[in-house]
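J.: Sharing a structure with you now.
The values are calculated or read from the model by the stated rules, or taken from the named source; none is laboratory data. In this text, all values refer to a predicted model and were calculated from it rather than measured experimentally. Using ideal geometry, Cβ is built from the backbone for each residue, glycine included, and neighbour counts are taken over all protein chains shown.
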Amino acid sequence: MPRWSTLLLDDAKLAEMPRLPLDDVLRHADLVTEQQPHPQALYERWEKQQWSAQAIELEPDREDFDKRLPRSARKAIEESIATFIIGEYTGLDLLGPILTGAPEERDHLYLGTQIADETRHTQLMLRLGEELLGLDSDPKRMLVQAWNMVTPPHRDLSRLETEVIRELQEHPSDYRRWLRAVALFHLITEGVLALVGQRAIVNSLHGVPLLAGVKAGFTAMARDESRHVSFGLHALRIGIKEGYGDDIREVIEQAAPIALNIEEGGQVDDAPQGLTMKQLGIESLYRQLRLIGIERQFADHVVALSMPTPAAAEDAEAAGNAENTASHS
């Protein structure tokens, strides 16, 4: 393995990923998005960061899962994998129209790589569903099983994604609708949900000599996610500069409160400052809205919509302030 650095994950091979320093994995996407890479740079990163969903050995993980993992940990892993089975497969449906509606040639070329990524992620999730959780080997039946395992807010978000994508399919050259789809998929689904969920799984398994295949797969997915989120933020920055900020804000206002409640709370073991999944999502949302040029006042408004009580709103403000402090450190 090459010498340690803050971007060690950039060059890591699949077999090395379970042994990477935890902080490198958790901070990687933030460091990449702060660089604000353009689509061509993201394409070049993709060429260098290939991995195989079929190369991950899962038989030892099945032994760990069935015989060594505590029941509470098994339930948490099951729920997370079910969420990703639905999320990654849905990503394939969403990306087709987003690819077709891409406004620039470089966008089109980059989005082709993301469809390849989502296909690979889906293949890995189908393997985990069958080989780890014992779900039906037929993808259609497995998707139904996974759908019945996810939370009601996750289903609500999937329905909203379907509506936004249907509008884009019916108007494939409508830039406004394209930006709405990118805001929903790249910023909310990928940046707030997928990235936080991947980090949580890697974080919860850190230092545990179990589930090496799961750790490798979710670490590799988190590296891919850094490219996906970076592209979305690039596109949305341009959209805001070109006067489409209200359209972007509208879809974020609809989707973010749903996304922030998908996990319905839950403590993340050993997470920085003991933050919950919801607080980690809020921190990610604040960071990404800042990077596309949306004002803090709007971010506060959206987060408040997801809060059931004043005390919860105070916790959210603390998460937002933590992100603001980190961005200036």
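J.: Looking at (1) more than 17 Å from Ala220 (Cα to Cα); (2) assigned to a helix (DSSP H, G or I), which is the only condition Gly87 fails?
T.: It fails just one condition, (1).
J.: Restricting the first residue to segment 169-184 and requiring it to be within 19 Å of Arg159 (Cα to Cα), which pairs with a second residue that is not acidic (Asp, Glu) and not in a helix (DSSP H, G or I) meet a Cβ separation below 8 Å and a spacing of at least six or different chains?
T.: Arg177/Gly101; Arg177/His171; Trp178/Gly101; Trp178/Ala102; Trp178/Pro103; Leu179/Tyr244; Ala181/Gly101
J.: Okay, next question. Please count how many residues of segment 13-57 are hydroxyl-bearing (Ser, Thr, Tyr) and either modelled with pLDDT under 95 or within 22 Å of Gly191 (Cβ to Cβ) (or both).
T.: Of the residues in segment 13-57, 2 are hydroxyl-bearing (Ser, Thr, Tyr) and either modelled with pLDDT under 95 or within 22 Å of Gly191 (Cβ to Cβ) (or both).
J.: Out of curiosity, is Leu42 hydrophobic (A, V, I, L, M, F, W, C), more than 23 Å from Thr122 (Cβ to Cβ) and in a helix (DSSP H, G or I)? Lay out the reasoning, then the answer.
T.: Working: hydrophobic (A, V, I, L, M, F, W, C): yes; more than 23 Å from Thr122 (Cβ to Cβ): no; in a helix (DSSP H, G or I): yes.
Here the answer is no, as Leu42 does not meet what is asked.
J.: Scan (1) modelled with pLDDT of 90 or more; (2) out of contact with any Leu (no Cβ under 6 Å at 6 or more places or on another chain); (3) crowded, with 21+ Cβ neighbours inside 10 Å for the single condition Pro209 breaks and write down its number.
T.: For Pro209, the failing item is (3).
J.: Can you find, within segment 171-190, the residue that is farthest from Leu260 (Cα to Cα) among those that are part of a helix (DSSP H, G or I) and either hydroxyl-bearing (Ser, Thr, Tyr) or modelled with pLDDT under 95 (or both)? Break it down into steps so the answer makes sense when it comes.
T.: Restricting attention to segment 171-190, the residues satisfying the condition of being part of a helix (DSSP H, G or I) are 175-190.
Keeping just the survivors that are either hydroxyl-bearing (Ser, Thr, Tyr) or modelled with pLDDT under 95 (or both) gives 175, 189.
Values: Tyr175: 27, Thr189: 10 Å.
Among those that are part of a helix (DSSP H, G or I) and either hydroxyl-bearing (Ser, Thr, Tyr) or modelled with pLDDT under 95 (or both), it is Tyr175.
J.: Moving to a separate point now. Tell me yes or no: at least one residue of segment 236-246 is farther than 25 Å from Ala200 by Cα, in contact with a Leu (Cβ under 6 Å, 6 or more places away or on another chain) and modelled with pLDDT of 95 or more.
T.: Quick first cut of segment 236-246, residues farther than 25 Å from Ala200 by Cα only: 236-246.
Those still in the list that are in contact with a Leu (Cβ under 6 Å, 6 or more places away or on another chain) too: 239, 244.
With modelled with pLDDT of 95 or more added as a condition, the list becomes 239, 244.
Yes; the residues of segment 236-246 include at least one that is farther than 25 Å from Ala200 by Cα, in contact with a Leu (Cβ under 6 Å, 6 or more places away or on another chain) and modelled with pLDDT of 95 or more.
J.: Out of the residues in segment 248-275 that are of a type outside the set (A, V, I, L, M) and at pLDDT 80 or above, state the one that is surrounded by the most Cβ atoms within 10 Å (Cβ to Cβ).
T.: Pass one, segment 248-275, residues of a type outside the set (A, V, I, L, M): 249-250, 253-254, 257, 261, 263-267, 269-270, 272-274.
Of the ones still in play, those that are also at pLDDT 80 or above are 249-250, 253-254, 257, 261.
Details: Arg249: 18, Glu250: 12, Glu253: 13, Gln254: 19, Pro257: 16, Asn261: 21.
Checked segment 248-275; the qualifying residue surrounded by the most Cβ atoms within 10 Å (Cβ to Cβ) is Asn261.
J.: Another question about this same structure. Restricting to segment 8-35, and then to whatever is farther than 22 Å from Val208 by Cβ and in contact with a Leu (Cβ under 7 Å, 6 or more places away or on another chain), can you tell me which residue is surrounded by the most Cβ atoms within 10 Å (Cβ to Cβ)? Let's see the steps before the verdict.
T.: Let us first name the residues in segment 8-35 that are farther than 22 Å from Val208 by Cβ, namely 10-11, 29-35.
Add one more test, that the residue is in contact with a Leu (Cβ under 7 Å, 6 or more places away or on another chain), and what stays is 29, 31, 33.
Working: Ala29: 27, Leu31: 14, Thr33: 23.
This residue is Ala29.
J.: Then there's this: Just a yes or no: is a residue in segment 66-74 in a loop (DSSP other than H, G, I, E, B), over 25 Å from Ala259 (Cβ atoms) and over 22 Å from the mean Cα position of the chain (by Cα)?
T.: So the first thing to find is which residues in segment 66-74 are in a loop (DSSP other than H, G, I, E, B), and the list is 69-70.
Next, from what is left, pick out any that are over 25 Å from Ala259 (Cβ atoms): 69-70.
Subsequent filtering for residues that are over 22 Å from the mean Cα position of the chain (by Cα) retains 69-70.
Yes, that holds for at least one residue.
J.: Scan segment 137-163 for residues that are β-branched (Val, Ile, Thr) and either modelled with pLDDT of 95 or more or not in a helix (DSSP H, G or I) (or both) and jot them down.
T.: So in segment 137-163, the residues β-branched (Val, Ile, Thr) come out as 144, 150-151, 162.
If the condition is that a residue be β-branched (Val, Ile, Thr) and either modelled with pLDDT of 95 or more or not in a helix (DSSP H, G or I) (or both), then Val144, Val150, Thr151 are the ones that fit.
J.: Something else about it: Could you look through segment 141-185, keep only residues that are under 18 Å from Glu78 (Cα atoms) and among the charged types (D, E, K, R), and pick out the one that is surrounded by the most Cβ atoms within 10 Å (Cβ to Cβ)? Walk me through it before giving the result.
T.: Let us first name the residues in segment 141-185 that are under 18 Å from Glu78 (Cα atoms), namely 141-155.
So of that shortlist, the ones also among the charged types (D, E, K, R) come out as 141, 155.
Numbers: Arg141: 11, Arg155: 15.
Ranking the candidates gives Arg155 first.
J.: Answer yes or no as to whether Leu128 is farther than 27 Å from Ile238 by Cβ, touching a Gly at 6+ places or on another chain (Cβ under 8 Å) and modelled with pLDDT of 95 or more. Reasoning before the result, please.
T.: On the way: farther than 27 Å from Ile238 by Cβ: yes; touching a Gly at 6+ places or on another chain (Cβ under 8 Å): yes; modelled with pLDDT of 95 or more: yes.
For Leu128, the condition - farther than 27 Å from Ile238 by Cβ, touching a Gly at 6+ places or on another chain (Cβ under 8 Å) and modelled with pLDDT of 95 or more - is met.
J.: Scan segment 199-217 and give yes if some residue there is assigned to a helix (DSSP H, G or I), among the hydroxyl-bearing types (Ser, Thr, Tyr) and over 16 Å from the mean Cα position of the chain (by Cα), otherwise no. Walk me through it before giving the result.
T.: First, pick out the residues of segment 199-217 that are assigned to a helix (DSSP H, G or I): 199-205, 212-217.
From the residues that got through so far, the ones that are among the hydroxyl-bearing types (Ser, Thr, Tyr) too are 204.
Filter again for over 16 Å from the mean Cα position of the chain (by Cα), leaving 204.
Yes, segment 199-217 contains at least one residue that is assigned to a helix (DSSP H, G or I), among the hydroxyl-bearing types (Ser, Thr, Tyr) and over 16 Å from the mean Cα position of the chain (by Cα).
J.: Let me ask you something else. Which residue out of Ile115, Ile77 is part of a helix (DSSP H, G or I), in contact (Cβ under 8 Å) with a residue 12 or more places away in the chain, over 30 Å from Glu44 (Cβ atoms) and not polar (S, T, N, Q)? Explain how you work it out, then say what you get.
T.: Details: Ile115 fails: over 30 Å from Glu44 (Cβ atoms).
Result of the check over Ile115, Ile77: Ile77.
J.: Pairs under 9 Å by beta carbon, first residue surrounded by fewer than 17 Cβ atoms within 10 Å (Cβ to Cβ) in segment 281-306, partner at pLDDT 95 or above and acidic (Asp, Glu), six or more apart or different chains?
T.: Pairs that qualify, where the first residue is surrounded by fewer than 17 Cβ atoms within 10 Å (Cβ to Cβ) and the partner is at pLDDT 95 or above and acidic (Asp, Glu), are Phe298/Glu253; His301/Glu253; Leu305/Glu253.
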